[in-house]
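A quick write-up on the structure given underneath.
The values are calculated or read from the model by the stated rules, or taken from the named source; none is laboratory data. What you are looking at is a predicted structure, and each value in this text was computed from that prediction instead of being measured. No Cβ is skipped: glycine too gets one built from the backbone with ideal geometry, and neighbour counts run over all protein chains shown. For the accessible areas, the whole protein counts, side chains as well, though only heavy atoms, and no ligand, DNA or RNA atoms are used. Shrake-Rupley method; radii C 1.70, N 1.55, O 1.52, S 1.80 Å.
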Amino acid sequence: MIVVDHQENRVNLTVYGEFSLADVREFEELVNYKIQFGGTVDLCFNLLQMADFTLDVAWEEIVFTRAHANDFRRIAVVTESQWIAWSAWISQIFVSADLRAFDRLEDAQAWLDEE
């Protein structure tokens, strides 16, 4: 299950339990709308409560990231998992955004709030 919160130029995603393909599609729909009508956006992925994700989610993330290589300014990934942090770092290959991993949500939000 996901909870999505969006502001003018930011989309915040919190994942609870398993991150499913349906969740990803819901997130992508909102982000596509924000990009279409507002230009580049910042993303904040709060994965602290994520239990698991499926292989199709991982693949969709790669496809989506490549399709939007220049549409994000900053991407914050909040996780305590070294595996997730490492995979986020690998994703940076596909985007021009500044991507950083954090272990505290407050730190990620503070970074995204910087001008």
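At-a-glance table
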read-out: Residues that are in contact (Cβ under 8 Å) with a residue 24 or more places away in the chain and either open to solvent by 60 Å² or more (accessible area, probe 1.4 Å) or not aliphatic (A, V, I, L, M) (or both), drawn from segment 94-106; value: F94, S96, D98, R100, F102, D103, R104
read-out: Conditions (1) among the small types (G, A, S); (2) surrounded by fewer than 15 Cβ atoms within 10 Å (Cβ to Cβ); (3) out of contact with any strand residue (DSSP E or B) (no Cβ under 6 Å at 6 or more places or on another chain): number failed by S91; value: (2)
read-out: Single residue of segment 50-62 satisfying the filter (under 13 Å from I2 (Cβ atoms) and surrounded by 12 or more Cβ atoms within 10 Å (Cβ to Cβ)) that is modelled with the lowest pLDDT; value: F53
read-out: Odd one out for D103 among (1) out of contact with any Leu (no Cβ under 9 Å at 6 or more places or on another chain); (2) more than 22 Å from S20 (Cβ to Cβ); value: (1)
read-out: Checklist (1) under 12 Å from the mean Cα position of the chain (by Cα); (2) at pLDDT below 90 applied to I90, failing item; value: (1)
read-out: Complete set of residues in segment 63-80 that are surrounded by 15 or more Cβ atoms within 10 Å (Cβ to Cβ) and either out of contact with any helix residue (DSSP H, G or I) (no Cβ under 7 Å at 6 or more places or on another chain) or outside any helix (DSSP H, G or I) (or both); value: H68, D71, F72, R73, R74, I75, A76, V77, V78, T79
read-out: Of all residues making up segment 9-56, the number that are among the charged types (D, E, K, R) and in contact with a helix residue (DSSP H, G or I) (Cβ under 7 Å, 6 or more places away or on another chain); value: 4
